[in-house]
């Protein structure tokens, strides 16, 4: 930011002198009467306003300005440019010299760089001599650069001009040195108890400006923060997390978050609490209520929760000594062969540096092994039964569908009555046989017999969809053999010999069985005797 410096102390003194002169003149004249006093006050105010305008007008009252950046931030080991420029509105001011003055604290002033148009550059302060240079090296722009910055370089830097005739003009830049903090967090190992203690530390050391610390935790607790001033204006911030530790808090996570101006984002570091406690949860596993005589490899395991880890695990029985068939390996007890000697109560004792805890189990030896299907066997059997049932259902459905299809496509369960066709069969026979007699000749017995059958020979063309291959081939009459046909002819001869004629009612009512012609044979009747 550029800051403009108003008129110099000389100009202010001149304005004060003018104001004093005007004030004294009018105060003397105002002692004669009240009316003259009021007039004098009005004139005095007008003179003060005119003097102020005169002194602040560029080129008239000699008001010059030095333009600088108001504040800068920098880091150690880096470089910074301090800019300075003289603004002469009327061009009536003569610049004679420019100096850079460093004020590390209030009241301490050290010249670190001087530029004179005739005598050149000068760096009187030894701590800046090798680190400060003029960027352009002119009176109009005497900006400098400081290299290899240190934390101790923080302070006020004044760009001061020596001018004629107005005197000295100056502008001030405040340089702020920043330092990234060194962040760390550590866990404090504590013992479970009833008092609130510190379980974790978080620190942001040697930072500038000071950092802020927050905690994120899933356990109940609180924290406190303190600060300590360090070298060269740095600050160390420390925070402690406190709670009443319990065994369940061991291994839980707390997170330290550090925020500071020099960091792009908060520094986050999680840690796990360390709470020590004696063995509190001890159990014996492995007994399945099936220790039968002769069983081998029966095992018991002693489990315990403790911090630090248990140092010793001791196995005993109610009688004190272990059976000879028992083998101990750390927290594991193995029975080589079960007998009545292990029909006892086993005790497991766990110990660490903070205490001792124990647990016991009573084993009962039985004569024979209990045979109970395991959950895996039951699941397999259930799966097999379910699969067989599903297969049976599928087969039943398929069989039912096929049965319905077969019932729908088969022949009808009843035989329809034979069709009655009059005249057509006789006409076909008459057309096929040569004329044997005149139209006036009486019908022969054979002709009469044939007409009384009431049937008509049919062919394969008479089959339909409802009677495929099952319809009669001779007008629907019942089937007869060839011998039967011969018998019918002989019977006709006997009738003829007895003198029965075609017009005899009894002969007309007598109907011999109709001939049956199998599929594939001719529908023409056998030869008739006339």
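Values computed for the structure shown
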quantity: Descending semi-axes in whole angstrom, ellipsoid equivalent of segment 143-227, from the Cα gyration tensor; calculated: 51, 13, 8
quantity: Projected area, mean over directions - segment 279-366, Cα convex hull, nm²; calculated: 5.2
quantity: Whole-number D in µm² s⁻¹ for segment 212-271, Kirkwood Cα-pair radius fed into Stokes-Einstein, 10 °C, 1.306 mPa s; calculated: 121
quantity: Order of 354, 390, 333 under a 10 Å beta carbon neighbour criterion, fewest first; calculated: 390, 354, 333
quantity: Normalised contact order of segment 182-273, rounded percent, pairs of Cα under 8 Å and 6 or more residues apart; calculated: 33
quantity: Length-normalised contact order for segment 65-177 - Cα pairs under 8 Å, 6+ apart - percent; calculated: 38
quantity: Theoretical gain in end-to-end length, residue 353 to residue 398 [0.36 nm per residue, Cα-Cα removed]; calculated: 8.7 nm
quantity: Isotropically averaged projected area of segment 65-177, using the convex hull of Cα atoms (one quarter of hull area), nm²; calculated: 6.8
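Just so you know, all these numbers are worked out from the coordinates, no wet-lab data involved. This structure is a prediction, so every number in the text was calculated from the model and none was measured. Reconstructed Cβ throughout: ideal geometry from the backbone, glycine too, with neighbour counts over all protein chains shown.
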